[in-house]
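Report on the structure given below.
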Amino acid sequence: MSSEEPTRPDPDRLLTSLIQAGEREGRGRLKIFLGMSAGVGKTYAMLTAAHRLVREGRVVVVGVVETHGRSETAALLDGLVVIPRMAVGHRDTTIMEMDLDHLLALHPDVVLVDELAHTNAPGTRHPKRYQDVQELLDAGIDVYTTLNVQHLESRADNVRRITGIRVLETLPDSVVDQADDVELVDISPEDLLQRIREGRVYTGDRREQAASNFFRVGNLTALREMALRTTADHVDKELLDYRVDERIDTVWPARERFLVAIGPSPYAARLIRWTRQAAAARDIPWFAVYVRTPRMVSEEQREQLTRNISLARELGAQDVIVLDDDDIASGLLTAARRINASTIVVGKPRVRGRLAWTFRTGLVSQLVEKSRDVDIAIVQGIDDDNAGGQRRPISLTPMSGWAAYPVPLLIGLALTMSCLPLLPIVGYQAVGLILLVYVAILPMLAGRGPVLVTAALMAVMWDFFFIPPRLTFSIGRIEDRLTFVLYFIVALTSSVLSTRIRLREKVIRRRERRTDTLYRLAHDLGDAAGLDAISVVVSERLGQMLDVDVCLMMPDADDKQLSEIVLPGATYVPADKDVGVATWSYRNGKSAGNGTDTLPSADGTFHPLIVGDHVVGILGLRLRAQSREAVDIVSLGSVLQQIARAIERERLRSEAERLRMTDERERLYRLLLNTVSHEIRTPLAAIGGSAGVIHELLGEDGDARIVELLEQIRQGTVRLDRLVANLLDMTRIEGGGVMLRPEWTDMHDLVRSVVGALEHELADHPVRIESSVVHPLVKCDAVYMEHVLRNLLLNAAIYTPPGTDIVIRLIPEVASFRIDVEDHGPGIPDEERPHVFDKFYRGSSAPSGGTGLGLAIVDGLVTAHGGTVRVEVAHPDRKENAGTRFVITIPNEEDSEVKT
């Protein structure tokens with residue numbers, strides 16, 4: 001193939017471009033103002049750009065903008081339409097969030113959305129603000145937004161190592177990858193620190209705190225480099241996309257890239273390592289490419305190629321490109337121009353001495369001759385003694401196979417014999433032309449070997465049977481000698497040309513088949529609804545494409561372990577040992593199994609499906625025919641990405657459905673709370689109050705039966721009110737609505753208050769309070785701690801015989817405070833003790849009535865305080881009335897973390 005031939009479009013990139021074009025159709029444009037940290041002026045730059053759009057006549061509204069009290073930023077809101085935010089209630093507080101439905105109904109040209117990584121309040125449609133932005137984009141609305149680089153998922157760990165601060169709000173890098181424009185808002189660390197000192201970023205004590213902690217010159221310099229690199233990567237991607245769209249096949253030296261040529265040779269490992277070291281020294285990306293020709297490779301070569309490709313991926317190659325071409329040099333140059341690579345790395349020819357002159361037309365010479373704007377790096381090879389592999393034995397089997405020879409030879413022999421009767425009529429020269437026509441046509445039907453052998457046979461038979469003197473091998477006339485030689489020239493020329501055409505045809509057919517399969521796979525995955533449907537599509541399409549059996553395995557519900565159950569539609573069910581290989585692949589995020597360096601004895605090969613840095617599933621493949629080129633399996637980059645994205649899309653859809661159900665459940669919780677609070681407690685209060693008033697009106701001389709009935713009414717309302725309170729507490733605990741207001745509390749006074757309030761219920765149980773200090777102070781929520789003690793005392797009163805005492809011990813400890821509530825009843829059976837804190841659990845000796853929520857509430861409220869509660873036998877040395885002791889331990893340091 002000539003180097004001047006126009007570069008063919010890359011099927012993978014063309015398919016990706018078509019898919020992206022389809023996704024962008026009717027979709028809004030996203031512009032991100034990226035900065036290294038707060039205070040660099042992202043919001044200011046976004047608002048400034050918004051005013052330019054307004055002057056151009058576009059409709060711009062403010063969805064949400066945080067000015068953080070900065071007057072310069074707030075001033076830019078003048079002249080812009082600000083959409084009121086939506087009030088969202090959560091845990092007894094009101095949070096103002098962006099009103100997504102209002103914006104969708106208004107449908108402006110551009111919406112300004114500040115702080116893209118923001119986490120929305122529970123109860124809103126999406127958990128993250130960037131998902132709100134995606135819905136706006138899907139509706140055809142352009143969005144301008146701001147983002148700090150530390151909020152990118154891939155950067156969060158590095159930020160924590162550099163600054164020591166954990167970034168809680170992150171978003172996937174794919175959000176930035178999908179942005180139509182990324183504008184870097186950049187200032188030097190010194191200028192930012194000056195802004196902080198002047199109070200233009202933070203005010204008051206926060207200014208000093210920021211300058212001495214997060215906002216240090218070293219931290220800001222590292223974050224600045226991250227922001228610059230992120231922007232450069234995005235611009236680089238835009239440049240590659242532009243080159244593909246415009247069909248530019250020359251290398252633009254915008255950024256250095258190395259491209260290492262690999263193949264089924266043990267020496268390729270040295271090239272890969274050299275490229276990795278050279279690229280790391282220059283801090284530039286590098287790629288690996290394998291040009292796949294129609295020529296078959298042996299099993300040993302196939303395995304070596306698999307190892308080389310795995311090594312390239314393990315050492316950090318940006319991508320491993322597999323390209324179909326009948327000419328390796330042209331394929332390498334095509335790959336280099338597609339990825340805009342500045343340098344191609346190849347191995348130095350290992351032939352020495354006089355024979356080296358014969359290799360001047362080899363791969364290296366062709367690359368140097370055709371490279372034009374691409375540099376060629378030639379790396380020294382290694383000696384056979386250190387190659388790590390054996391010389392490949394010379395094969396005696398021809399490339400075309402022995403079976404390709406008999407038919408052309410027999411046809412030639414038959415044609416020659418049929419021409420014998422024609423010799424007296426047409427002469428031997430005409431017979432020679434007839435046989436030569438057959439030799440010229442034969443390359444369209446057979447390979448180079450059969451053509452050359454048949455041409456030689458035809459020439460010899462023409463000489464022996466037809467040229468005078470007949471039945472001899474002598475040729476007298478010069479014209480006959482030239483005709484004799486012409487047989488070989490025609491055969492050689494025709495066979496070479498036809499072989500090239502045939503190889504080119506195979507390459508084109510393979511490329512078209514692969515492109516068609518990838519397109520159909522992408523189309524079917526887009527239409528698949530649910531993981532089961534995705535599994536069926538993957539098994540069917542990959543089975544046709546690669547001639548393999550396929551299975552898809554997913555992690556369990558908490559994403560910690562790989563499920564051993566394959567999804568429906570699988571044509572390959574891994575054995576127990578292969579399941580272990582799949583589990584290793586899932587945990588390590590690397591391919592494993594047959595054809596790799598990890599657990600190669602497995603029947604199948606298992607590939608992790610990765611989105612970002614998260615493994616969403618495992619694709620298992622098993623060859624149906626060992627003679628098949630396994631390189632098809634190790635070059636699944638684009639296929640794996642499509643499958644991973646489809647699974648991630650389904651996971652996000654399921655997550656959105658789960659969040660919708662969670663929101664609905666919370667709505668029902670709130671409805672239950674309102675119903676219980678207003679529809680039940682209000683009448684209870686009226687009944688109890690009315691009974692008290694009647695009791696007062698009757699006075700001490702009232703009818704004893706009426707007084708007794710009034711007392712029963714009062715006790716019934718108190719009991720029902722307590723039941724309602726337990727239901728409300730349990731609802732708050734499960735819904736995450738327990739908002740603690742910790743304050744220093746005298747625990748002795750709190751206990752006495754609870755005992756006094758339960759005077760009637762504890763009338764038959766003497767209560768003793770023991771404390772080693774007069775005023776034990778504990779930092780806790782007094783209201784909720786009162787609920788804890790009340791439920792424990794009521795539990796002791798219910799489950800112990802009358803007359804037995806109850807002991808409450810207050811014990812200060814190091815960094816904590818302990819409260820023991822001990823009774824002297826029959827105790828809790830051993831088999832029931834582990835379940836006492838379960839919801840709605842009631843012991844075997846429980847009296848009628850009650851809900852079994854009291855101790856579950858105790859456990860929930862103590863846990864909310866960051867403490868623990870346990871149950872134990874009070875007196876294990878007693879055979880009867882061993883009693884029960886509940887031990888509560890809560891942290892009691894001023895800076896202790898209180899869980900809410």
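Kindly establish whether residue 123 is on the phi > 0 side of the Ramachandran plot, in contact with a strand residue (DSSP E or B) (Cβ under 9 Å, 6 or more places away or on another chain) and open to solvent by 10 Å² or more (accessible area, probe 1.4 Å). The answer is yes for residue 123.
In the set 866, 827, 860, only one residue is in the same structural domain as residue 775 (by the TED database), open to solvent by less than 50 Å² (accessible area, probe 1.4 Å) and more than 41 Å from the chain's Cα centre (by Cα); that residue is 827. Starting from residues that are part of a strand (DSSP E or B) and open to solvent by 50 Å² or more (accessible area, probe 1.4 Å), keep the ones in the stretch 94-116 and report whichever is modelled with the highest pLDDT. Among those that are part of a strand (DSSP E or B) and open to solvent by 50 Å² or more (accessible area, probe 1.4 Å), it is 96.
When residues in the stretch 437-449 are screened for being open to solvent by less than 20 Å² (accessible area, probe 1.4 Å) and either of a type in the set (A, V, I, L, M, F, W, C) or under 15 Å from residue 415 (Cα atoms) (or both), 3 of them pass.
For the stretch 69-93, taking the residues that are more than 13 Å from residue 124 (Cβ to Cβ) and of a type in the set (Val, Ile, Thr), the one that is surrounded by the fewest Cβ atoms within 10 Å (Cβ to Cβ) is identified as 93.
Step by step: first the residues of the stretch 553-568, then only those that are open to solvent by 40 Å² or more (accessible area, probe 1.4 Å) and part of a loop (DSSP other than H, G, I, E, B), then the one that is nearest to residue 543 (Cα to Cα). Which residue is that? Looking at the filtered set, the residue picked out is 568. Residues that are small (Gly, Ala, Ser) and touching a His at 6+ places or on another chain (Cβ under 9 Å) within the stretch 163-182 comprise just one, 179.
Can we say residue 789 is out of contact with any Gly (no Cβ under 9 Å at 6 or more places or on another chain) and open to solvent by less than 50 Å² (accessible area, probe 1.4 Å)? Yes, satisfied. Per the listing 54, 110, 60, the residue uniquely hydrophobic (A, V, I, L, M, F, W, C), closer than 17 Å to residue 31 by Cα and in contact with a His (Cβ under 9 Å, 6 or more places away or on another chain) is 60. Screening the stretch 801-818 for residues that are touching a His at 6+ places or on another chain (Cβ under 8 Å) and open to solvent by 10 Å² or more (accessible area, probe 1.4 Å) and picking the one that is farthest from residue 853 (Cα to Cα) gives 803. Hey, does the stretch 109-123 have a residue that's over 29 Å from the mean Cα position of the chain (by Cα), in the same structural domain as residue 46 (by the TED database) and touching a residue at least 12 places away in the same chain (Cβ under 8 Å)? Within the stretch 109-123 (the criterion being over 29 Å from the mean Cα position of the chain (by Cα), in the same structural domain as residue 46 (by the TED database) and touching a residue at least 12 places away in the same chain (Cβ under 8 Å)), the answer is yes, since at least one residue qualifies.
Looking at the stretch 736-821, the strands (runs of 3 or more DSSP E) lying wholly inside it that each contain 3 or more residues that are within 23 Å of residue 846 (Cα to Cα) and at pLDDT 90 or above sit at 806-813. If we scan the stretch 272-291, do we find a residue that is outside any helix (DSSP H, G or I), modelled with pLDDT of 80 or more, outside the structural domain of residue 447 (by the TED database) and open to solvent by 40 Å² or more (accessible area, probe 1.4 Å)? Within the stretch 272-291, one or more residues are outside any helix (DSSP H, G or I), modelled with pLDDT of 80 or more, outside the structural domain of residue 447 (by the TED database) and open to solvent by 40 Å² or more (accessible area, probe 1.4 Å). Residues in the stretch 292-323 that are closer than 20 Å to residue 592 by Cα and open to solvent by 50 Å² or more (accessible area, probe 1.4 Å): 299, 300, 303, 307, 313, 314, 315, 318, 319. Within the stretch 159-200, the set of residues being open to solvent by 60 Å² or more (accessible area, probe 1.4 Å), polar (S, T, N, Q) and over 22 Å from the mean Cα position of the chain (by Cα) comprises just one member, 194. Inspection of the stretch 136-158 identifies at least one residue that is surrounded by 19 or more Cβ atoms within 10 Å (Cβ to Cβ), over 16 Å from residue 36 (Cβ atoms) and polar (S, T, N, Q). Only residues that are in contact (Cβ under 8 Å) with a residue 12 or more places away in the chain, open to solvent by 30 Å² or more (accessible area, probe 1.4 Å) and of a type in the set (Ser, Thr, Tyr) were counted across the stretch 455-493, and they come to 1.
Has the stretch 412-426 got at least one residue that is at pLDDT below 80, touching a helix residue (DSSP H, G or I) at 6+ places or on another chain (Cβ under 8 Å) and open to solvent by less than 60 Å² (accessible area, probe 1.4 Å)? Please lay out each step first, then the result.
Of the residues in the stretch 412-426, the ones at pLDDT below 80 are none.
No; the residues of the stretch 412-426 include none that is at pLDDT below 80, touching a helix residue (DSSP H, G or I) at 6+ places or on another chain (Cβ under 8 Å) and open to solvent by less than 60 Å² (accessible area, probe 1.4 Å).
Pairs linking a residue in the stretch 826-838 that is under 16 Å from residue 855 (Cα atoms) to a residue that is open to solvent by 50 Å² or more (accessible area, probe 1.4 Å) and in a helix (DSSP H, G or I), with Cβ atoms under 7 Å and 6 or more positions apart or on different chains, are 837/859.
The values are calculated or read from the model by the stated rules, or taken from the named source; none is laboratory data. Being a predicted model, the structure only gives us computed values, none of them experimental. Cβ coordinates were reconstructed from backbone atoms using ideal geometry, including for glycine residues, and neighbour counts include every protein chain displayed. We work out accessible area using only protein heavy atoms, side chains counted, and drop any ligands, DNA or RNA first. Shrake-Rupley method; radii C 1.70, N 1.55, O 1.52, S 1.80 Å.
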